Amino acid sequence: MVIYMKIAFYGTKPYDKIWFEPMGKEYGFDIHFIEAACNQETIFMAKGYDAICIFVNDYVNAEMIDVLYEMKVKAILLRSAGFNNVDVKAAEDKIIILRVPSYSPEAVAEFSMALLLTVNRLTHKAYNRTRDFNMSLNGLMGIDLHEKTAGVIGTGKIGQAMIRILNGFQMHVLCYDPYPIEGLEAEYVSLEELFKCADVISLHCPLTSDTRYIINESSIKLMKQGVYMINTSRGGLIDTEALIDAMLENKFGGVGLDVYEEEEGVFYEDRSGEIITDDNLARLMTFPNVLITSHMGFFTREAMQAIAFTTLENAYALENGLPLVNQVGKEMVS
Ligand code: NAD
């Protein structure tokens with residue numbers, strides 16, 4: 001069999017192999033699965049490979065781009081939609097970046113709603129209580145979502161899926177996006193109005209220089225007392241210290257975080273036997289109305305299969321000189 005491409009696959013977990021291993025063989029790719037994350041120390045493991053394949057908590061900075069270029073690595077294959085973890089400008093003319101722009105927006109939107117329902121109706125606490133034969137309801141009261149106002153920030157693929165779900169709950173949906181689209185069952189408003197009016201805020205915009213800390217001390221001040229906030233997008237959208245200060249003032253009804261600004265090296269790992277050195281993360285965990293999950297909004301069978309398929313299709317297109325429909329270019333970063 002002809003070997004088309006040698007790919008160094010960073011940050012491998014057992015569940016990555018389920019689809020990448022058989023599909024990679026079908027394409028004829030030689031995939032080397034590496035457990036380590038891609039970073040400054042591990043980038044040299046890519047020597048002799050045509051491409052590296054990375055996920056959200058791997059990173060490739062400008063220096064690493066130069067190392068890859070020297071080693072004649074042709075491409076960075078992202079197994080994700082977001083590309084804030086790669087220095088796209090530095091890669092221009094040196095290395096091709098290909099991503100998976102869409103795999104299952106519904107997976108992430110459904111998980112956002114799962115987080116909202118959980119922090120609101122506290123099913124995770126009820127589960128633990130009843131297993132202990134504690135059938136008390138004290139402290140478990142939530143709110144109706146029906147006819148409340150939801151605010152969706154970012155009306156791309158996931159934001160739109162979230163709007164459909166919120167409408168299913170018969171919520172009044174407000175949204176904000178600098179590039180509005182037509183035909184949504186939601187009302188575009190200014191960011192300020194969204195912050196002021198929403199009972200529930202869900203973040204679905206990418207992390208860029210414009211959106212970093214979009215949730216900060218002043219935006220939190222605009223929000224309603226008792227607001228619920230869900231972030232399945234990127235941790236850097238929220239100024240964690242401002243969030244903690246507001247939590248201490250009892251501002252939020254509940255907060256669901258699938259992402260965290262310092263998640264790299266912590267999320268996706270079992271660190272249960274270790275001392276937590278990140279004080280902000282430890283502090284967040286102490287709030288009874290904060291629920292943190294380990295960047296798993298994408299994690300469904302359908303999404304994983306689609307990620308593997310598109311990633312390998314990207315590699316196939318590159319190898320065969322086909323149009324690179326999923327290329328990330330410097331015009332996509334601000
Ligand atoms: P998308 O590109 O389809 O949509 C992003 C939307 O955000 C676009 O409509 C864009 O115009 C808008 N936007 C850009 N700047 C904005 C700003 N300043 N304010 C408000 N909106 C702005 O992306 P998507 O597929 O919907 O994904 C959204 C984000 O979800 C990704 O960037 C990624 O960070 C995150 N994500 C998380 C998971 C997970 O497992 N938790 C999985 C996939 C994606």
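Dividing the Cα convex hull volume of the chain by residue count, how many Å³ per residue is that? All intermediate terms of the calculation are to be shown ahead of the outcome.
Values: hull volume 50.7 nm³, N = 334.
Expressed per residue, the convex hull around the Cα atoms of the chain is 152 Å³.
Could you grab the relative contact order for the range 1-124? Cα pairs under 8 Å, six or more apart, rounded to a whole percent.
Values: 192 pairs, mean separation 25.8, N = 124.
With pairs under 8 Å counted, the relative contact order is 21 percent.
Students often check this: by mean Cβ neighbours within 10 Å, which of 227-239, 302-314, 154-166, 245-257 ranks highest, and how do the rest follow?
Working: 227-239: 23.8, 302-314: 19.8, 154-166: 22.3, 245-257: 18.2.
The densest-packed peptide leads the list: 227-239, 154-166, 302-314, 245-257.
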ask   = Carbon and sulfur atoms: what percent of the 1.4 Å accessible area of the range 159-233 do they account for?
value = 51
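Let me check I have the definition right: for the range 167-317, take the eigenvalues of the Cα gyration tensor, multiply each by 5, take square roots. What are those semi-axes in whole Å, largest first?
26, 25, 14
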ask   = How much length is gained on full extension from residue 317 to residue 181, taking 0.36 nm per residue of separation minus their Cα-Cα distance?
value = 45.9 nm
request  = Kindly give the semi-axes, whole Å and largest first, of the ellipsoid equivalent to the range 252-334, taking each as the square root of 5 times a Cα gyration tensor eigenvalue.
outcome  = 36, 15, 14
task = Treating the angle as unsigned and between 0 and 90°, give the value, to the nearest 10°, between the Cα long axis of helix 14-27 and the longest Cα principal axis of the chain.
result = 40
inquiry  = For residue 44, project a label point 7 Å along Cα to C-beta. Then give me every residue of the range 53-77 with its amide nitrogen under 20 Å of that point.
reply    = 53, 59-74
note = For the chain the mean separation of alpha carbon contacts under 8 Å (6+ apart) over residue count, i.e. relative contact order in percent, is 18
Two-decimal log10 I(q)/I(0) for the range 6-163, as the Debye equation yields it once each C-alpha is a single scatterer, q = 0.16, 0.17 Å⁻¹ = -0.93, -0.98
key: Computed label-point distance, nm, for sites residue 136 and residue 248 using a 7 Å Cα→Cβ extension   = 2.8
remark   = In Å, the Kirkwood hydrodynamic radius from C-alpha pairs for the range 113-225 sits at 15.4
inquiry  = Counting other C-beta atoms within 10 Å, and keeping those with at most 14, which DSSP coil GluC sites (Glu not before Pro) do you find in the range 131-214?
reply    = 147, 182, 185
query = Which of the lysines could a cross-linker span from residue 330 if the Cα-Cα distance has to be under 29 Å and same-chain partners fewer than 8 positions apart are dropped?
reply = 6, 47, 72, 74, 89, 94, 157
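The values are calculated or read from the model by the stated rules, or taken from the named source; none is laboratory data. Here the structure is a predicted model, which means the values were calculated and not measured. Quick reminder, even Gly has a Cβ in these numbers, built from the backbone with ideal geometry, and neighbours come from all protein chains shown. What goes into the accessible areas is simple: the full protein's heavy atoms, side chains included, and nothing from ligands, DNA or RNA. Shrake-Rupley method; radii C 1.70, N 1.55, O 1.52, S 1.80 Å.
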